[in-house]
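The values are calculated or read from the model by the stated rules, or taken from the named source; none is laboratory data. The shown structure was predicted, so the numbers you read here are calculated from the model rather than taken from an experiment. No Cβ is skipped: glycine too gets one built from the backbone with ideal geometry, and neighbour counts run over all protein chains shown.
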Amino acid sequence: MIVFSILSHYLSLTLSSLFYLSLSLKSISPPFPWFPSHPLSHYLFFLCSDSIGLCYISLLFFLKIYYSFFLLVLSIFLGIFFLLSLSLSLSLYINLFFFSSGSLNFLTFSLSLSHNLFLHFPLWYLNLSLSLSRYTLLIKNLGGNASAYSLPGNPGLFVPNVVNVSLIASSLQVKSITFEAFLIPRGLSGQDIHMQCFSDTVQNQQAATAFFDSINCLKKNTTTNLGNQTTPANFSSTTQTTPASSLSTTQTTTPAISRPKLWLINNPNLTLTAEGASIQLRRQFDVKEPTLELVAVTCCASLTPGIQVLRKRKLTLSVIVSLGPFIYHNDSQFISTDEIRPTLIGNPAKKNFANCPCDMTWNSCDINCCCDMDCSPSDVDIFSKCIPGYQGAQQLPPPPWMCDSTSPEQIPFMCVRTKDSAYLGLFRHDRSTISNLITFKTELTQKRYSFSQADSSNSGRTENFNYKYGSQIQSSIPNIIYPVPRLLTLPQRTFSGQCATTAPVPFLINFNSDCIYQMTPDLCSDNSILSATSFALSTALRNPHCPHAYTILNGLEQQFVKTEVFYHCTSNSKTYLKSLDTLSDVLSQSLESSQNFTIPDVCIIDSSGLYHCPNNVEESLSAMDEDLPPLCPWDDGYTRPSDGSDGLQKKISGNPGYIIGDPIWSGTAVTNETTEKQLYVNQHESQQMHVWEPSPSGLCSLAGKKKITFGEDLFSSCVIFLTQDSLNDCQNLRKWLFYQLSRLMPSDRIGRYGNNGAQRSSDWIKVLRENISDQFPDIVPVPEFNSTNMTMENISSTIDVSLPWTTESTVANNKRNFSQGTCIQMPTGVVLDIMYANTGLVQGTPIKEIIGAKASYVFDNWTFTCIQNVMVGSCMSPSWNINSTERYQLFTLTSVVHFIRVPGRRSKPVIRYNELPVENRHTFDFDFGDIFYLIFRQPEEDFELYMNKIGVILVIIFTALLSGFIILML
Amino acid sequence: MAIYNVFSHPVLHQYKTHVFSKATVIQVLTILLTFILPLIIVYRSDGLWIREIRYREQPKITFKKELIFLLHLSTNQSYVTYSTFQNYNNLQQQFLRIPLIKAFEEDITGNGLSDGLQLNLEIPLFDSEQVVGVEMLLFFTYKLQKFSSLFMDCMAYIQHSFAVAGAKLQIFGNLQIRQKNLLLNKGTNRKYDVPIVDSSSIFSDAYDLSQILEQYTQRNVTTELVAPYYTWIVGRGAGRPFIISASIKYPEDEFVISVPVKVGLGSICVCLGAVHHHF
């Protein structure tokens, strides 16, 4: 505490001496911008200008007060911080140390800390506030000494016998035939001044000055009784000399001498009191056409004893009056159509606007509105009635008990309502109309959302730009004079499958789209969607034949680039038109033909049950997706590049790792017969891995083949319909099934990466297959022992197909006739397991590499159960041939692809509790990692969050240390 | 001369009184207030005991590669259907339609737990068949690890129909838990670790949707597809299959469990410590 007070004293001393120095060097009225606008500062300035000693003392006190305020705020903040850290450490304690006995010390420590704080804190406060009040008292006493000082005000010289009177018109641009002018005296008290006023119409400002000069106030004072409406003779003579004005038509038509005055003052002789006075001017005649007049008004003050009128006794005023012929003048009121506007009343909370609710128009008399200040008494006289009404906007609905009929002059059964409420109704703020564009725009910008259709196509289309990933592609016609760039488009689906005909094609994004169109004659026109000229043509094709076709522009230079486009035409429109086939139609056509279970002779089976066929064996199961029609006849081959079978670039499925969803690459290795060295991998379509792509009928003979895509588990199947005869020949059927499944997954190599070189043998891994020769010795040949590949397969063939079946099955195969219509150990499906792993990163993207693959057959027992008069689920008799007694039973061939990621996840260091079985282990049971939860980064935590956490921990530690240190000091 | 402290010792004051005295009354009142007033405050504030706590965990959800779907066709109330259960397929002889199934579960966060399923079904259809409605059941396994081990089979029910024949149905949703009562705070719960559909049954009622759903909703812990959004793409081309594409996320979920004993013990320890310090 002692150290603290010494510190504070020293600090205040330093600060105040600095302050004093700066003040004595230059006497500036606001010394510092941060100096508080406190009443004390006035005293301070006074003192400092007077006595240096007093100034120093007061400065010291002043600064001390602020300094103690600062200390108070600081201590409050410190207390809050300390409480925060205390609670956090308490929660930490609860979470971490409730089991350990030593932690009680920690708790005691925290509690004692808080105890000390709470005990000491009020004392601080008390101490500070006491000293504060003492200082304040002192300052007040000092201020009492300085009471002679008065703050400077506006100096107003007050001379009692000088009066200043000004004459002001209600408006300098009068547009009505009446207006008012005000006489405002200043310095008049008690006595009245008699005034006499004159007016006339003049042509210009010089004429007005002449008119003013012509009025001699001293002289007029004697001729006050000359008459109200007539002007002095000398004045009319001066106006006579002025030339005829083109503006004032009335003036030119009237004779000069006996010219009646246009503007008359209603009250030319008036008495000016201290409150002021007003004169009303009124035009005698209506106008017939637009008129611009200058009305001069002058007033003379009579000499009054005891009052000295400043400058001169004459007051002058000239007013421009512009009048239009459309002014409607009706007896006592007039309405100018372009000047009617609502009365602005201001904020009803602050202004009593309801003194005249029927005053609806500004500056004009409303009919039957007796309280309208614009109406003259003569107007009021001719009103038929005064509009009644409450002084408010809305009536209060009378309560039902107020309805009585005690009034004798009313009809007894009528309801008479009396109102005695002070409620004036509900008011709203008036809203001025928007008259200029700036106000309108500021009002507009406050509303952010409005219905609009932003035209983004113009904003996105720039003339010169480089193509980026996803940007639009421009095309144009080369040989015309004014080529208009056009976006390259393709019909694409949008929103919910609807086709947009002119959807732009994004740069560097591969996609395919399909659309559905109604077959109409319009499709055969030049502009139809099927016309190649609507899209873009190859450069080679366009140049001689079709000069007005669109071609692609490169981005920046707007040059035409060499383009190759492939259009495929079909003469067989059947596959593109919706057919009306049904299931029975398809079955009737293809069921009989699917009963042919023969295998081409050239194909040979190996020990793993895989049939190897030469490439020239025509693929019976054509892949549906890859089967594009031939190129169009008008595309006569000029565009066809020499290399590549289809003119298409070889696609890759990622570089180097696979991209999930892209097709995997597979093939069969072609080896040199003599050296047994792998030459290359045959990646022909027939040698690649596939799964069934089932047709609507489900028949295997009609099923297509679908490429395997990386990362996606695939499952599909197809059905074969078998008769009992087919099942009687199990051997042949089994061979045929092996053949079918082999053709589906014929590859023995799978590409490790998304881009594999056919010649690089390291890019390919072998597809492991089980040796099934001991199960089916009659079909599958026994492997030779000298082959290294086969021994590898032997090792890998940990057969999950049940081994105990093996011997029995061979026996059963040998004696297959013991049960008609039952075949055991039939290959009913093929399973391809592919293992992949993340083996490194390329620019932050993990490389997904296939590290292993295994193909295996699934075996099942097939029994024909569809004998006559037994209807089991999978039976079918051909309904299209009622006479047929043949019955078919449905059997399924499956194809499965399973991707396994190894290792499944990042391996964690194994600690003892992790060795418990998974079911009995829970994260919150006894996890030592929880203790350091705050310090160590959690696996699911991102780095930014972790840094925040560390920052919070540091702040807590720091504040705890700081507050503990401060408390110890105190 | 400098003064220094030679010796110091504390002075013990003892205040004694009779049993029947004002001091005794005050002493008794103080003790009573020390114990009863906090009790009242605690009881009136939010109950004396915490009975349940919430915590968050990402469950380990795995698609079992089992599903049943049924497409409603517009013609003659016909339909096509398929399941991964052989016995069901045997029942649906002429209405069976074999799809191509693609499934992909991705672990985006790299914590060893799948974060979502991308399922793609291509169902081949004749051009004359027009799909107007889809019903589908997807089966998952569900695993919790943090407090208690919960092992269960769960499912997502997808049902959507449209007046116009479609070409593709896309589903976007989250698979989230729906618990009716508190989960355990320790131990293992394997009550619902049984298949929802008895695939070994050859009887039709095992695959009756109403029965499956009824039995499923009677369970205490189920999952549901929360906030499923459907897009129904119309316009199926000639020879194109009907595609069901489901994107189902497995988000971190909130669970309510009964209070573990150790939490209660911890708070009692704190109370005792405070009382101990007070005296």
Problem set entry | Hits in the range B:122-145 (condition: touching a strand residue (DSSP E or B) at 6+ places or on another chain (Cβ under 6 Å), at the interface with chain A (Cβ under 10 Å from one of its Cβ atoms) and buried (at least 19 other Cβ atoms within 10 Å of the Cβ)) | B:Glu122, B:Ile123, B:Leu125, B:Glu129, B:Leu144
For this session: Could you tell me which residue of the range B:146-168 is nearest to B:Thr222 (Cα to Cα), considering only residues that are more than 14 Å from chain A (Cβ to nearest Cβ) and surrounded by 18 or more Cβ atoms within 10 Å (Cβ to Cβ)?
Result: B:Cys154
Seminar exercise, completed: B:Lys191 passes all but one of the listed conditions (1) within 14 Å of another protein chain (Cβ to nearest Cβ); (2) surrounded by 15 or more Cβ atoms within 10 Å (Cβ to Cβ); the exception is number (2)
For this session: Would you mind finding the one in A:Val719, A:Val691, A:Val767 that is under 25 Å from A:Arg901 (Cα atoms) and within 14 Å of another protein chain (Cβ to nearest Cβ)?
Result: A:Val691
Exercise. Only one of B:Asn111, B:Asn90 is over 20 Å from B:Leu225 (Cβ atoms), within 10 Å of another protein chain (Cβ to nearest Cβ), assigned to a loop (DSSP other than H, G, I, E, B) and at pLDDT below 90; which?
Worked result: B:Asn111
For this session: Could you please give the count of residues in the range A:696-707 that are touching a residue at least 40 places away in the same chain (Cβ under 8 Å) and at the interface with chain B (Cβ under 7 Å from one of its Cβ atoms)?
Result: 2
Problem set entry | Of all residues in the range B:93-108 being part of a loop (DSSP other than H, G, I, E, B) and either more than 7 Å from chain A (Cβ to nearest Cβ) or in contact with a Leu (Cβ under 9 Å, 6 or more places away or on another chain) (or both), the one that is surrounded by the fewest Cβ atoms within 10 Å (Cβ to Cβ) | B:Ile108
Problem set entry | Exclusive hit being crowded, with 21+ Cβ neighbours inside 10 Å and either not in a strand (DSSP E or B) or not assigned by the TED database to the domain that holds A:Ser895 (or both), set A:Ser697, A:Ser716 | A:Ser697
Problem set entry | Sole exception among (1) part of a helix (DSSP H, G or I); (2) under 45 Å from the mean Cα position of the chain (by Cα); (3) at pLDDT below 70 for A:Ile957, by number | (3)
For this session: Looking only at the range A:206-217, decide whether some residue is in the same structural domain as A:Asn269 (by the TED database), at pLDDT 80 or above and β-branched (Val, Ile, Thr).
Result: yes
For this session: Could you tell me whether the range B:58-81 includes any residue that is outside any strand (DSSP E or B), more than 10 Å from chain A (Cβ to nearest Cβ) and crowded, with 21+ Cβ neighbours inside 10 Å?
Result: yes
Exercise. Under the condition of being within 14 Å of chain B (Cβ to nearest Cβ) and under 30 Å from A:Gly654 (Cβ atoms), which residue from the range A:476-499 is surrounded by the fewest Cβ atoms within 10 Å (Cβ to Cβ)?
Worked result: A:Thr494
Problem set entry | Single match in B:Gln211, B:Gln118, B:Gln215 (criterion: touching a helix residue (DSSP H, G or I) at 6+ places or on another chain (Cβ under 9 Å), in the same structural domain as B:Ile244 (by TED's automatic domain parsing) and not in a loop (DSSP other than H, G, I, E, B)) | B:Gln211
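Conditions tested, residue by residue: (1) within 14 Å of chain B (Cβ to nearest Cβ); (2) under 30 Å from A:Glu886 (Cα atoms); (3) surrounded by 12 or more Cβ atoms within 10 Å (Cβ to Cβ); (4) not basic (Lys, Arg).
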| position | (1), (2), (3), (4) |
| --- | --- |
| A:Tyr517 | yes, no, yes, yes |
| A:Cys524 | no, no, no, yes |
| A:Ser531 | no, no, yes, yes |
| A:Ser538 | no, no, yes, yes |
| A:His548 | no, no, no, yes |
| A:Ile552 | no, no, yes, yes |
| A:Leu556 | no, no, no, yes |
| A:Thr582 | yes, yes, yes, yes |
| A:Leu591 | yes, yes, yes, yes |
Exercise. Within the range A:670-694, how many residues are without any contact (Cβ under 8 Å) to a residue 40 or more places away in the chain, more than 19 Å from A:Phe715 (Cβ to Cβ) and either out of contact with any Ser or Thr (no Cβ under 8 Å at 6 or more places or on another chain) or surrounded by 22 or more Cβ atoms within 10 Å (Cβ to Cβ) (or both)?
Worked result: 7
Problem set entry | Meets criteria (more than 14 Å from chain B (Cβ to nearest Cβ), farther than 30 Å from B:Ser128 by Cα and crowded, with 18+ Cβ neighbours inside 10 Å) for A:Gly667 | yes
For this session: Go through the range B:248-266 residue by residue and tally those that are at pLDDT below 90 and more than 7 Å from every other protein chain (Cβ to nearest Cβ).
Result: 8
Exercise. When you scan the range A:676-692, how many residues do you find that are under 28 Å from B:Leu125 (Cβ atoms), out of contact with any Pro (no Cβ under 8 Å at 6 or more places or on another chain) and either at pLDDT 85 or above or in a strand (DSSP E or B) (or both)?
Worked result: 3
Exercise. If we scan the range B:194-204, do we find a residue that is among the hydroxyl-bearing types (Ser, Thr, Tyr) and touching a strand residue (DSSP E or B) at 6+ places or on another chain (Cβ under 7 Å)?
Worked result: no
For this session: Mind listing whichever residues of the range A:358-381 are under 52 Å from the mean Cα position of the chain (by Cα) and among the aliphatic types (A, V, I, L, M)?
Result: A:Met360
Exercise. For A:Asp729, are the conditions met, namely being closer than 24 Å to A:Asn838 by Cα and at pLDDT below 90?
Worked result: no
Exercise. Is it the case that A:Ser874 is within 26 Å of A:Leu737 (Cα to Cα), crowded, with 16+ Cβ neighbours inside 10 Å, touching a strand residue (DSSP E or B) at 6+ places or on another chain (Cβ under 6 Å) and modelled with pLDDT under 70?
Worked result: yes
Problem set entry | Residue list for the range B:233-247, restricted to those being at the interface with chain A (Cβ under 8 Å from one of its Cβ atoms) and not in a loop (DSSP other than H, G, I, E, B) | B:Ile233, B:Val234
